[in-house]
Amino acid sequence: MKKWKPIFIENSKVPVWLSKVSPIDIYAISIGMFVWCRSLLSPVVKRHEEIHFQQKLELLFLPFYLLYGLSWLYGLIKYRDAAVAYREIVFEREAFSNDYIDDYLENRKRYAWIKHMRDNKDDYKERIKRTRRDRIAKSSHRARVQRRDR
């Protein structure tokens, strides 16, 4: 199942239509075996959506959507902000935390999203800052390694 990939549909109107009824502006969305994107998928967005696909496979699709919705409702009650509630969904936490790591999907353990349920170390804004700092640190480390290898 780790090697399974969703079917990507680029330059689609589906995210545009769904954005009209969504609390966030949707760039790409994964529904079932398909990922629809407004334009061309970047490697980071593609990886983000592939992480969601693996999460769905682990939960056999229907429970994924149920937990996704319940997680969003919990965040909406807690934060009183639909966009923040979206970022706090346990599945989104895993995807946003790891979508920039090139080999994440190859090394990802099954049910890796569970550890993000207990990620109460920081509030929402602090977690975003920490993620950005980690991304910058990893990219600068990668650049140093590439220069050294030349």
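The values are calculated or read from the model by the stated rules, or taken from the named source; none is laboratory data. All figures in this text were calculated on a predicted structure; none of them were measured in a lab. Note that we place each Cβ from the backbone using ideal geometry, even for glycine, and neighbour counts take in every protein chain shown.
Couple of notes before you dig in:
- Qualifying residue in the stretch 5-28 (condition: among the polar types (S, T, N, Q), surrounded by 15 or more Cβ atoms within 10 Å (Cβ to Cβ), more than 18 Å from Ile114 (Cβ to Cβ) and at pLDDT 95 or above): yes
- Boolean, Phe53 is buried (at least 19 other Cβ atoms within 10 Å of the Cβ), modelled with pLDDT of 95 or more, among the aromatic types (Phe, Trp, Tyr) and out of contact with any Pro (no Cβ under 8 Å at 6 or more places or on another chain): no
- Residue list for the stretch 7-36, restricted to those being more than 17 Å from Phe91 (Cβ to Cβ), in a loop (DSSP other than H, G, I, E, B) and either among the aliphatic types (A, V, I, L, M) or in contact with an Asp or Glu (Cβ under 9 Å, 6 or more places away or on another chain) (or both): Val21
- Leading residue by the ranking (nearest to the chain's Cα centre (by Cα)) among those in the stretch 5-51 that are among the polar types (S, T, N, Q) and within 26 Å of Arg108 (Cβ to Cβ): Ser30
For every residue, the table says whether it meets (1) part of a helix (DSSP H, G or I); (2) modelled with pLDDT of 90 or more; (3) surrounded by 14 or more Cβ atoms within 10 Å (Cβ to Cβ).
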position: Tyr86; (1), (2), (3): yes, yes, yes
position: Arg93; (1), (2), (3): yes, yes, yes
position: Ile101; (1), (2), (3): no, yes, yes
position: Leu105; (1), (2), (3): yes, yes, yes
position: Arg110; (1), (2), (3): no, yes, no
position: Met117; (1), (2), (3): yes, no, no
position: Lys138; (1), (2), (3): yes, no, no
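- Subset of the stretch 44-84 [assigned to a helix (DSSP H, G or I), aromatic (Phe, Trp, Tyr) and under 16 Å from Ile31 (Cβ atoms)]: Phe53, Phe64, Tyr65, Tyr68, Trp72
- Residue that is of a type in the set (Lys, Arg), part of a helix (DSSP H, G or I), crowded, with 17+ Cβ neighbours inside 10 Å and at pLDDT below 95, where the choices are Arg127, Arg132, Arg142: Arg127
- Output for the stretch 51-79, where each listed residue is free of Cβ contacts under 8 Å to residues at least 12 places away in the same chain and at positive phi: Leu60
- Scanning the stretch 56-81 for residues that are among the aliphatic types (A, V, I, L, M), farther than 20 Å from Met1 by Cβ and either touching a strand residue (DSSP E or B) at 6+ places or on another chain (Cβ under 6 Å) or surrounded by 14 or more Cβ atoms within 10 Å (Cβ to Cβ) (or both) returns a single hit, Leu76.
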